[in-house]
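Working notes, beginning with the structure itself.
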Amino acid sequence: MTLPRPLIAGNWKMNGHVADGTALARAVVAGSAGLAAELLICPPATLIGLVAREAEGSAVAVGGQDCHAKPGGAFTGDIAAPMLKDLGCRYVIVGHSERRTLHGERDSDVQAKAGAALAAGLAAIVCIGETLAERDSGATLPVIARQLAGSLPAGASAATLVVAYEPVWAIGTGRVASVDQVAEVHALIRRELGARLSDGAMVRILYGGSVKPDNAVSLLGVADVDGALVGGASLDAKAFLAIAAAAPARR
Ligand code: PEP
């Protein structure tokens with residue numbers, strides 16, 4: 001069985017303006033040729049069109065950081081999945097822990113957003129992850145299984161679904177999950193995907209949480225780690241490309 005091509009996704013979060021966003025996208029595109037991994041940039045919504053133009057004709061994909069569950073309507077400030085598609089996005093992140101924590105998104109909301117993404121022809125990157133309190137109380141695996149079951153959209157397949165395991169305590173903290181911790185959770189996610197989807201073995205499972213060039217080789221070498229969701233380091237083209245270069249061609 002050929003394993004899926006690794007995906008290295010950069011989540012710029014609420015960072016970037018026209019000048020620096022253009023320069024960053026241009027540098028990532030310029031360094032993207034010949035990499036084994038697929039590269040994805042998820043800029044803030046204001047820069048999606050610009051980054052999509054920079055990435056045109058390259059192997060770099062563009063994605064949103066969130067979408068609404070409805071395809072349009074009276075939802076001030078929100079962005080619908082078809083709008084992302086219209087701008088050239090291929091992916092959208094849903095259920096990032098910052099959305100879950102700061103915007104009160106529940107698994108059911110994430111599932112609805114992921115379903116909207118699929119309906120619009122986008123692939124959904126569904127984020128799940130335990131808090132430090134949950135890890136310390138030994139609840140990590142049940143929490144992950146529950147989040148996954150509650151967040152997966154109907155009708156997903158390896159072509160339309162990516163799962164990102166992002167322990168909340170490792171996001172933006174410089175604290176990285178150990179190789180053993182990552183392996184244990186990714187194995188659980190793989191088992192759960194296998195039980196739910198006919199091609200669950202081919203769904204890419206990303207690790208996210210303080211991924212940097214100096215830990216990328218070990219994290220990306222863990223079984224069932226099919227790429228990374230990168231926050232802080234994706235704002236530096238050199239660091240982001242170094243992480244991408246650490247992704248193995250196939251395992
Ligand atoms: C993230 O925001 O998804 C993330 C993993 O951030 P960082 O790489 O900065 O920890």
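Structure data summary
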item	result
Tabulated pairs, the stretch 165-186, first under 16 Å from Val217 (Cβ atoms), second among the polar types (S, T, N, Q) and open to solvent by less than 20 Å² (accessible area, probe 1.4 Å), C-beta under 8 angstrom, 6+ apart or interchain	Val176/Ser210
Evaluation of Gly174 against (1) open to solvent by 40 Å² or more (accessible area, probe 1.4 Å); (2) more than 17 Å from Glu98 (Cβ to Cβ) (one fails), failing number	(2)
Residue ID - nearest to Ala36 (Cα to Cα), chosen from residues in the stretch 226-251 that are within 14 Å of the chain's Cα centre (by Cα) and part of a loop (DSSP other than H, G, I, E, B)	Asp226
Test result for Val203, within 16 Å of the ligand (Cβ to nearest atom) and either modelled with pLDDT under 95 or crowded, with 18+ Cβ neighbours inside 10 Å (or both)	no
The listed residue being at negative phi and touching a residue at least 40 places away in the same chain (Cβ under 8 Å), out of Arg90, Arg53, Arg99, Arg26	Arg90
Inter-residue pairs, beta-carbon under 9 Å, first closer than 12 Å to Cys42 by Cβ and in the stretch 2-16, second in a loop (DSSP other than H, G, I, E, B) and of a type in the set (Asp, Glu), 6+ apart	Leu7/Asp226
Residue satisfying condition, being assigned to a loop (DSSP other than H, G, I, E, B) and more than 16 Å from the ligand (Cβ to nearest atom), within set Ser198, Ser210	Ser198
Residue pairs meeting the criteria (Cβ under 6 Å; at least 6 apart or on separate chains; first without any contact (Cβ under 8 Å) to a residue 40 or more places away in the chain, in the stretch 212-230; second open to solvent by 10 Å² or more (accessible area, probe 1.4 Å) and assigned to a loop (DSSP other than H, G, I, E, B))	Asn215/Val176; Ala216/Ala246; Val217/Ala246
Complete set of residues in the stretch 85-116 that are under 23 Å from Glu54 (Cα atoms) and more than 16 Å from the ligand (Cβ to nearest atom)	Lys85, Asp86, Leu87, Gly88, Cys89, Arg90
Residue within the stretch 23-46 that is hydroxyl-bearing (Ser, Thr, Tyr), open to solvent by 20 Å² or more (accessible area, probe 1.4 Å), away from the ligand (no atom under 16 Å from the Cβ) and within 24 Å of Tyr207 (Cβ to Cβ) present	no
The stretch 152-162, subset in contact with an Asp or Glu (Cβ under 9 Å, 6 or more places away or on another chain) and within 14 Å of Leu206 (Cα to Cα), residue nearest to the ligand (Cβ to nearest atom)	Val162
Test result for Ala159, small (Gly, Ala, Ser), within 19 Å of Cys127 (Cα to Cα) and either part of a loop (DSSP other than H, G, I, E, B) or without any contact (Cβ under 8 Å) to a residue 24 or more places away in the chain (or both)	yes
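The values are calculated or read from the model by the stated rules, or taken from the named source; none is laboratory data. Small disclaimer: the values here were computed from a predicted structure and weren't measured. All Cβ positions, even for glycine, are placed from backbone atoms using ideal geometry, and neighbour counts span all protein chains on display. Heads up: the accessible areas ignore ligands, DNA and RNA and are worked out on the full protein's heavy atoms, side chains in. Shrake-Rupley method; radii C 1.70, N 1.55, O 1.52, S 1.80 Å.
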